[in-house]
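The values are calculated or read from the model by the stated rules, or taken from the named source; none is laboratory data. In this text the structure is predicted, and so the values were computed from the model without any measurement. All Cβ positions, even for glycine, are placed from backbone atoms using ideal geometry, and neighbour counts span all protein chains on display. To get the accessible areas, we keep the full protein, side chains included, count just its heavy atoms, and leave off ligands, DNA and RNA. Shrake-Rupley method; radii C 1.70, N 1.55, O 1.52, S 1.80 Å.
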Amino acid sequence: MKLLLLIFLVQSVLQTIYLPASQGAVQPMDVRLIEQTCKQTPLYDVCVSILKSDSRSSKADVTGLALIMVDVLKAKATGTTNYIKTLLRGNLKGDVRRGLSSCADLYNTVLEADIPVAIEALQKGDPKFAEQAANDAGIEARSCESSFSGHSPLTESNKSVQDVSSVAAAIVR
Amino acid sequence: MAISSAWLVFCFLLLRHAVVELEASHHVYRNLQVSSSPSEHQPYRTSYHFQPPQNWINDPNGPMIYRGLYHLFYQYNPKGAVWGNIVWAHSTSTDLVNWTPHEPAIYPSQQSDINGCWSGSTTILPWGTPVILYTGIDPQDQQVQNLAIPKNLSDPYLREWVKSPKNPLMAPTSANQINASSFRDPTSAWLGPDGTWRVIIGSKRHTRGLAILYRSKDFIRWVKSQHPLHSAKDTGMWECPDFFPVLVNSELGVDTSIMGPDVKHVLKVSLDNTKHEYYTIGTYNLGKDNYVPDKGQVDSDSGLRYDYGKYYASKTFFDSAKNRRILLGWINESSSVNDDIKKGWSGVQAIPRILWLDTSGKQLVQWPIREIEKLRGHEVHLPKQVLEGGSALEVSGVTAVQADVEVSFGISELEKAEVLNPSWTNPQELCSKKGASVKGGLGPFGLLVLASKGLQEYTAVFFRIFKGHNKYVVLMCSDQSRSSLNNNNDKTNYGAFLDVDPSREKVSLRSLIDHSIVESFGGKGKACITARVYPTLAIDDKAHLHVFNNGTENVQFTLSAWSMKKARLDLESKL
C-alpha cells in the first residue's frame, strides 16, 4: 500500500514537472497572441488552424507569425507549381495547356518575387512591402484562375493560395 | 558659435583624411532571380516623368540644389523590377525636367549599411556643403542612421560620397529603447540660434507613431531628446517624416532652419499602415523643442494630404536658387507584380511641385513647377462655351497619351445642386459609390482621359457639386474603375473635397497625362489626385481626350490642352 502511494506520488510530481513543457504544443500565452492576431484577418479559422498546428508559433512575436504565414504561402505556391508541372506532362486540350502555362508563369512570380520580397521586408522592418507582396500572391492566383476559359483544374489550389495570401497580408498590417 | 563651427570643420578634415576607401569593388547584392528580358512594346512608360530605363524604384532621397545644379537620389534596385538590393541611384538637372544620370552614390559598403541603404535627406551646412543622413540596415538587420559627405566638393555632380567611420551615428540600444525595426528616414536637419542641429527620424511605440528627435553641435555626435518632436496615437509607424517652415502669406519658400513669427511649420508623415501621407500645420516651439499642430488640424490618417491618390514617401527641399519649396514624391505601380516583371520596371517620380501655405492658413497648396511648361508643344484652345448636361466633347489635336490639360468650369444654376447627405464624410468612398457613370445634378463634369474609341476604357477626373450646410461642397474624383480591361490592376477610385466656392469662382482642373499616370490638380492646387492606369486599348495613338458633363444641368467651360514633348532623362554629363 505504501509502495503504491509512493509510486502515485512520484508519478504526480513527474507529471507536474513535465506536462507543461511537452514539445511542440502551443502554450496558453502564444494561443492568446495567435487568436488576437488572427482576429484581425479576414479568415480567422484558416489563420488559427495554420498557426496552431505550426510549432514555430510558440516562440513567435507578430513578425514571427507573419513569417510563418508567408512560409505557408510559399509551400502552397510551390505545391501548386509542382502540380501544374505534373499536369503539363499529360495529354491536354490547347486552351487548358495555355491556361496552365500562364499559371506556371504567374506562380513563378509568386515564388521568385513575392515571397523573397515579403521575407526580406519582414526581416528588415519595412512591412508595407511585405503586405503588398503577400497581397500580390493572391492577385496572381486569381489571375491564374481567370486564365481558363472553361473548367479550371486549379480552383482548389488557387483558392487556398488566395486565402493564405489575404491572411498573411492582414497579419503584416 | 565659432567654436562649434571650427569643431565641425575639424571633424570634416579628419573624416576626409581618415576615411578608408570603403567603396568596395564588389557590391554585395542578393541574387534576386527575376531576370527575363522586358517586353519590346512599352505603352506604359512615361515620357516626361522621372524614371530610370528599367527596374524598381521607390522613395526620392536627399534632393537638393548645390552650385546651381539640382540633385535627385532615389531608392533603386539595380537587379530587378521588385524591391530589393536597394542603393541610392543619382541624377542631376539644371531644370528639374531633363536629367543627367550618374553612378549610384550610396550602396552597401560598411557594417552599418551592409544590408541596405534606405532613405534619408540632405542638409546644407551653413557654408554650403551638403551632407547626407540616411538609414542603413546593419548585419543584425537593425535600422541605424549614417552620415555620408561628398568625396570631392569641386565635382559639381557630386558623384562620389564617403561615409563616416563613426557610423552608425544613431542606433537603437537597450538604453534608448528604440525599436530596431521602426527607426528610419532621417529628415533634413535644422539649425537653432543656439548653434544646435536638430533632426527627426520616423518611429513608433506600439501603435503610436512618433518623430524621434536628436540634437548635435557638430553633426557627428547626436544625442537623443527625451521627448519626440511630436507623436500621435494609433497612427502606426511614421515613415519619411518631413518638417519644414512655410511663410505666412507668400508663395515663396524658406530655408529649413528659418523660424519666427513670419512662418508656420509643417509636419508631414507617411503612414506605413494605410499607405497614405498626411500633414498638419502648426507651431514649432524652440524652447521646448516640440511641435504643436494648430487647433482644427486633423492629426491622423483622416487629415490633410498632399495628394489623395497614389503618392508616397514624399520629401521637400528648399530651392535656394528660386526661393521655393519643392515637393517630390514616389508613385508606385497599380499593376500586378507579374506585369511589372514583364515590362521590366516599377515606379515613377511625380512631377516636382512647388508648395506654399494657403491664404487661409489652414492647408498647403501645390502646383507643378513652371519649368514643366517648356515641354508644352502644340496647343488646342476651346473658348468659353456651354457643355450641356449629358454631353461630351472630344478634344482633338493633341497627343492624348502625353498631354497637359487645363479646364475651368463655371456654374450658373447652383440651386440645382444635390443635397449632401451629412453622413457622406469620406470623399474616397463617395467617389467609389458615385463614379463618372452615375448621373448627378451639378456634375459629374470634368475630363475623360486615356479613353478608348468606344469608351470601353477611360479614366475620369471630375467634380460634383453638392449643397451642404449653408455652403456649397465640391467633390473632386479620379475614377479608375473603367480605366483598363485588365482586371489584374488596382482600379480603386480616389476622392477629395475641394475647398473652392463655386458661387464665387470657377472650378478649375489641370491634368498632366503621361501614358500610365494622370496627375490632377483641382482648384489651382488645393486638392491633388494622382492615379496609375494601364489601358489595353487606349494606348499610343489610340487614346482620346474628352471634356464631359454627365449631370442634368449645363455648365460652361474653357479649355486649353497641349501635347507634351518628351523629357531627356539621359543627358550626357559634361565631364
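Per-residue accessible area (protein heavy atoms, 1.4 Å probe) orders B:103, A:140 as B:103, A:140, starting from the largest. Extending 7 Å from Cα along the Cβ direction at residue B:439 and again at residue B:501 yields two label points whose distance is 3.2 nm. Once all protein chains are placed together, residue B:259 keeps about 60 Å² accessible to a 1.4 angstrom probe. Spin-label pair residue B:386-residue B:321: with each label point 7 Å from Cα along the Cα-Cβ axis, the two points sit 5.0 nm from one another.
Projecting each Cα onto the charge dipole of the protein assembly as shown (Lys/Arg +1, Asp/Glu -1 at the beta carbon, about the Cα centre), which of B:48, A:150, B:298 comes out farthest on the positive side? Going by the Cα projections, it comes out as B:298.
Packing here is the average count of other Cβ atoms within 10 Å per residue, and on that basis the peptides B:478-485, B:162-169, highest first, run B:478-485, B:162-169.
Partner shielding of A:108-117 amounts to 6, given as the average count of beta-carbon atoms from other chains within 10 Å of each residue beta-carbon.
Note down the accessible area of residue B:240, probe 1.4 Å, to the nearest 10 Å². We get 10 Å² for residue B:240.
Antiparallel beta bridges, as assigned by DSSP with both residues in the protein assembly as shown, represent about 95 percent of the total such bridges. In terms of the mean number of neighbouring beta-carbon atoms within 10 Å, the peptides A:108-115, B:467-474 order highest first as A:108-115, B:467-474.
Keeping the other protein chains in place, figure out the carbon and sulfur percent of the accessible area of region B:390-491, with a 1.4 Å probe.
After summing per-atom areas, the C and S share lands at 51 percent.
Atom-type composition of the exposed protein surface of region B:248-307 places 52 percent of the accessible area on carbon and sulfur (1.4 angstrom probe). Database remark: amide H of residue B:363 closer than 5 angstrom to the amide H of B:358 (H placed geometrically; neighbours at sequence offset of 5 or more, or on other chains; Pro and chain starts carry no H). In region B:250-299, burial by the other protein chains removes 30 Å² or more of accessible area from B:272, B:273, B:275, compared with the chain on its own (1.4 Å probe, ligands and nucleic acids ignored). So if I take the centroid of the Cα atoms in region B:312-383 and the same for region B:559-575, what is the distance between those two points in Å? Using only Cα atoms, the two centres lie 15 Å from each other.
Pairs from the list A:74/B:343; B:343/B:453; B:374/B:491 with a Cα-Cα gap above 29 Å: B:374/B:491. Counting Cβ atoms of other protein chains within 10 Å of each Cβ in B:76-88 and taking the mean gives 3. Other residues within the sphere of radius under 10 Å centred on the Cβ of residue B:460, judged by their own Cβ, net out at 0 (K and R +1, D and E -1). Rounded, prolate or oblate, given the Cα gyration tensor of region B:34-92, with a/c below 1.5 counting as rounded? Oblate, since a/c reaches 1.5 and b/c is not below a/b. Largest accessible area first, the listed residues B:395, B:419 line up as B:419, B:395 when surface is computed with a 1.4 Å probe on the assembled protein chains. Listed values for region B:81-92 are Karplus-derived 3J(HN,Hα) couplings in whole Hz (6.51 cos²θ - 1.76 cosθ + 1.60, θ = phi - 60°), namely 9, 10, 5, x, 6, 5, 10, 8, 6, 8, 9, 10, and x replaces Gly and Pro.
Kindly sort B:315, A:59, B:224 by accessible area of their heavy atoms, largest first, with the probe set to 1.4 Å.
A:59, B:224, B:315
Phi angles across region A:44-57 convert, under the Karplus curve 6.51 cos²θ - 1.76 cosθ + 1.60 with θ = phi - 60°, into 3J(HN,Hα) values of 3, 5, 4, 4, 5, 5, 5, 6, 5, 8, 9, 5, 5, 4 Hz, Gly and Pro given as x. The mean count of C-beta atoms from other chains within 10 Å of the C-beta of residues in A:128-134, rounded to a whole number, is 4.
A 25 angstrom limit on the alpha carbon distance is what I want to check against. Which of A:76/B:79; B:295/B:471; A:59/B:79 exceed it? Correct reply: A:76/B:79; A:59/B:79. Can you compute the FRET efficiency between residue B:151 and residue A:75 using 1/(1 + (r/R0)^6), with r the Cβ-Cβ distance and R0 = 35 Å? Round to the nearest 0.05. The pair residue B:151/residue A:75 has a calculated efficiency of 0.15.
About its Cα centre, chain B has a charge dipole of approximately 640 debye under the convention of +1 per Lys or Arg Cβ and -1 per Asp or Glu Cβ, with nothing else charged. Taking all protein chains together and rolling a 1.4 Å probe, residue B:497 ends up with roughly 80 Å² accessible. Amide hydrogen proximity for residue B:230: with H placed 1.01 Å from N in the peptide plane, the residues at 5 or more positions away or on another chain lying under 5 Å are B:211. Put simply, the amide H of residue B:290, placed in the peptide plane, has neighbours under 5 Å in B:285, leaving out anything fewer than 5 places away on its chain. Axis of helix B:2-18 versus longest Cα principal axis of chain B: the two differ by about 80°, to the nearest ten degrees. Rounded to the nearest 500, the 222 nm mean residue ellipticity of chain B from helices alone is -1500 deg cm²/dmol, with -39,500 (n - 2.57) taken per DSSP H run of at least 4 residues. Taken one residue at a time, the phi angles of region B:297-308 give Karplus couplings (6.51, -1.76, 1.60, θ = phi - 60°) of 6, 8, 9, 6, 4, 7, x, 5, 10, 5, 8, 8 Hz. Gly and Pro are set to x. Toward the positive end of the charge dipole of the protein assembly as shown, with +1 on the Cβ of Lys and Arg and -1 on the Cβ of Asp and Glu, the farthest Cα among B:380, B:287, B:512 is that of B:287.
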